[in-house]
Amino acid sequence: MAFAWRGTLSLCLALFNLQFSLLCLLSNSRDDRLSLNEFTLICRALFRNDKGHIYVVPSDRLEQMFAVFDKNEDGYIDREEFQFCWNQWIKTIVRPISSFLIVDVQNDFISGSLNISNCSAQQNGLEVIEPINKLLDTVDFDAVFYSLDWHPSDHVSFIDNIKQRPIHPTSPLNADNAQVYDTVIFAGPPPMKQRLWPRHCVQDSWGSELHKDLKVVEHGVKVYKGTNPEVDSYSVFWDNKKLSDTTLCAQLRLKGATDIYVCGLAYDVCVGATAIDALSAGYRTILIDDCCRGVDLNDIESTKQTVISSNGVIVSSREVKAMVEGRDRRPELGYKLAMELKNSESDLSKNNACRRQSQQQQQQQQQQQQQSSQ
């Protein structure tokens with residue numbers, strides 16, 4: 001059977017009163033209000049995997065999530081407050097809108113000028129392709145994005161361009177003694193730290209192409225980054241100085257995305273920067289560990305810790321399908337969503353608003369079609 005929350009908004013609203021009554025009955029509430037203890041029972045039912053394992057939610061997080069929905073701060077969630085909880089929180093948890101973001105699986109990072117197997121971690125970038133392709137074949141993502149480093153030939157990150165720009169006096173290295181992977185400070189203005197890389201992913205070159213074995217789905221969207229010669233761009237969302245964004249932000253809003261699954265190359269550089277920016281923008285963010293390879297083992301571990309501390313989760317590819325289908329519901333992502341609902345300006349809150357508007361329009365169209373057929 002198709003998952004229940006794939007239905008229309010009208011169906012969800014029709015189920016609302018029944019669902020609330022059932023929750024109240026199950027938690028022995030007789031006054032149409034839910035206490036913290038009763039909310040805890042709901043969370044026990046909500047946060048579990050497809051094998052019935054119940055995830056433990058720390059008591060302080062339960063209290064913080066409860067407070068988001070207890071808007072009048074009377075110590076209870078009443079019927080009106082629960083409707084907000086139902087529409088904005090529970091429905092997203094059980095039927096997320098999932099985007100798959102595949103970062104920089106390009107020739108130069110796998111077998112070209114910036115082959116990551118030559119870096120200190122000595123990881124093989126080619127190994128990400130098989131699990132990524134399997135996910136594309138088996139998981140019904142709502143949107144798929146491919147990012148590409150897309151540098152002009154005079155890009156600031158290329159070590160062979162280092163003498164094209166003045167070095168700031170505070171730089172630990174100058175143009176004569178800096179080597180690949182070192183960090184220098186360019187004069188600007190303003191002064192700018194820059195890690196130096198081999199020339200890579202030059203626009204329209206073989207090295208900038210996606211690897212030939214990577215599956216490119218028909219509805220996939222390519223997002224180009226690093227196009228400004230003066231600013232590097234690790235994240236698929238923003239350049240490193242946050243001067244300009246890519247097209248990704250707008251396209252995620254159009255899709256009404258709630259969850260972003262991130263993977264690719266390199267784990268501790270562009271993948272990590274993208275995951276952290278996704279979390280900062282308010283998205284429920286999932287990093288797929290076995291679909292990533294990186295440059296430095298210590299930096300990879302640091303990336304993981306940053307994602308986890310920001311309420312993201314790290315999973316293996318075999319766990320993704322159940323999560324996308326809403327059968328494996330992680331409390332970290334539920335907590336992330338609740339905290340974002342406190343901030344009406346977050347991308348996730350805006351996306352929820354777009355999704356509600358779209359569903360209302362679909363409902364109106366269905367009503368009009370029913371009326372015209374009568």
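Computed from the coordinates by the stated procedures, all read-outs in this text should not be read as laboratory data. Only a predicted model underlies this, so the values are computations on that prediction, with no experimental measurement involved. Cβ placement follows ideal geometry from the backbone for every residue including glycine, while neighbour counts extend to all protein chains displayed.
Net charge near N228, counting Lys/Arg +1 and Asp/Glu -1 over other residues with Cβ under 10 Å of its Cβ? Can you show the working numbers first?
Details: positive: K225, K241; negative: E230, D232, D239.
That sum, taken over residues with Cβ under 10 Å, equals -1.
Multiply the residue separation of S153 and N298 by 0.36 nm, subtract the distance between their alpha-carbon atoms, and state the gained length in nm to one decimal. Let's see the in-between values first.
Working: separation 145, 0.36 × 145 = 52.20 nm, distance 3.06 nm.
The S153-N298 span can extend by a further 49.1 nm.
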Next item on the list: Set the Förster distance to 22 Å, then compute FRET efficiency between S117 and Q305 from the Cβ-Cβ distance, nearest 0.05.
Entry: 0.35
Next item on the list: Round to a whole angstrom and tell me the spacing of the C-alpha centers of the stretch 318-341 and the stretch 75-148.
Entry: 12
Item checked: Inter-label distance for A67 and Q203, nm, one decimal - labels placed 7 Å from Cα along Cα-to-Cβ -> 4.9
Item checked: Net charge, D104 excluded, C-beta distance under 12 Å - Lys, Arg +1, Asp, Glu -1 -> 0
Next item on the list: Please go through the residue pairs K134/K255; K71/K241; K193/K255; K222/K304; K304/K342 and name each one whose alpha carbons sit more than 30 Å apart in this structure.
Entry: K71/K241; K193/K255
